[in-house]
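*Asks:* One structure, pasted below without further comment.
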Amino acid sequence: MARSDFIFVWHQRARYAEVDAQAVVFNSRYLEYFDIGITEYFRAVGLYPQPNLKGAPELHVVKAEVTYHAPVLLDEMMAICVRCQKIGRTSLTFAFEVHGGDGDDLRASGIEVSVHVDEPRGRPTPVPAAVVALFEAFEGRTLK
């Protein structure tokens, strides 16, 4: 995807603790960047209406994939792009891209699939209509 396909972007700098001996971001850190990005995306969408996540749906990641395109270097600014791609009956699929700086300099891309669960049972349950409405309003398109 082009960076312009993402409504939501979170900017972050690659810090010393995130790089390896070659001063490039260590591969596992990209999943952390996805997690930071999705947390801020959820906040922007309005999924966290109350402090301490009260009232937020319970979503569990069941699949995560990362494709590495080019390294992010120590102290480099990144743009973490997030979008909800689709919503199924019990799942939500999110697309991620990490770009260097402010351009279309793709460094990593990936997806995460999360499942909405009923926490007491831990079983998949349908994504609430109110949650679907939040994501569709934010993305400006139908996701189901």
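*Asks:* In the stretch 13-30, how many are outside any loop (DSSP other than H, G, I, E, B), of a type outside the set (Val, Ile, Thr) and either in contact with an Asp or Glu (Cβ under 7 Å, 6 or more places away or on another chain) or crowded, with 17+ Cβ neighbours inside 10 Å (or both)?
*Replies:* Qualifying residue count for the region: 4.
*Asks:* Against the conditions (1) modelled with pLDDT of 95 or more; (2) among the polar types (S, T, N, Q); (3) closer than 21 Å to residue 139 by Cβ, where does residue 39 fall short? Just the number, please.
*Replies:* That leaves (1) as the condition not met.
*Asks:* Right, next: Looking at the stretch 96-126, which of its residues are part of a loop (DSSP other than H, G, I, E, B) and under 30 Å from residue 68 (Cβ atoms)? Spell out how you get there, then give the answer.
*Replies:* First, the residues of the stretch 96-126 that are part of a loop (DSSP other than H, G, I, E, B): 101-104, 119-122, 125-126.
Across the stretch 96-126, the qualifying residues are 101, 102, 103, 104.
*Asks:* So, in the stretch 105-132, of the ones that are over 18 Å from the mean Cα position of the chain (by Cα) and of a type in the set (A, V, I, L, M, F, W, C), which residue ends up farthest from residue 90 (Cα to Cα)?
*Replies:* Checked the stretch 105-132; the qualifying residue farthest from residue 90 (Cα to Cα) is 130.
*Asks:* Of the numbered conditions (1) touching a Cys at 6+ places or on another chain (Cβ under 6 Å); (2) more than 24 Å from residue 143 (Cα to Cα), residue 97 satisfies every one except a single condition; which is it?
*Replies:* (2)
*Asks:* Okay, moving on. Kindly indicate whether any position in the stretch 84-92 is basic (Lys, Arg), within 16 Å of residue 134 (Cβ to Cβ) and touching a residue at least 40 places away in the same chain (Cβ under 8 Å).
*Replies:* Restricting attention to the stretch 84-92, the residues satisfying the condition of being basic (Lys, Arg) are 86, 89.
Still in the running and within 16 Å of residue 134 (Cβ to Cβ): 86.
Now drop any that are not touching a residue at least 40 places away in the same chain (Cβ under 8 Å), which leaves 86.
So far as the stretch 84-92 goes, yes, one or more of its residues are basic (Lys, Arg), within 16 Å of residue 134 (Cβ to Cβ) and touching a residue at least 40 places away in the same chain (Cβ under 8 Å).
*Asks:* Same structure again: For residue 36, are the conditions met, namely being among the aliphatic types (A, V, I, L, M), closer than 26 Å to residue 131 by Cα and free of Cβ contacts under 8 Å to residues at least 60 places away in the same chain?
*Replies:* Here the answer is yes, as residue 36 does meet what is asked.
*Asks:* Further, regarding this structure: How do the pairs read when you match residues in the stretch 1-15 that are farther than 21 Å from residue 75 by Cβ with residues anywhere that are among the β-branched types (Val, Ile, Thr), using Cβ under 6 Å and keeping only pairs 6 or more apart or on different chains?
*Replies:* 8/82
The values are calculated or read from the model by the stated rules, or taken from the named source; none is laboratory data. Source: prediction; values computed, not measured. Note that each Cβ is placed from the backbone with ideal geometry, even for glycine, and that neighbours are counted across all protein chains shown.
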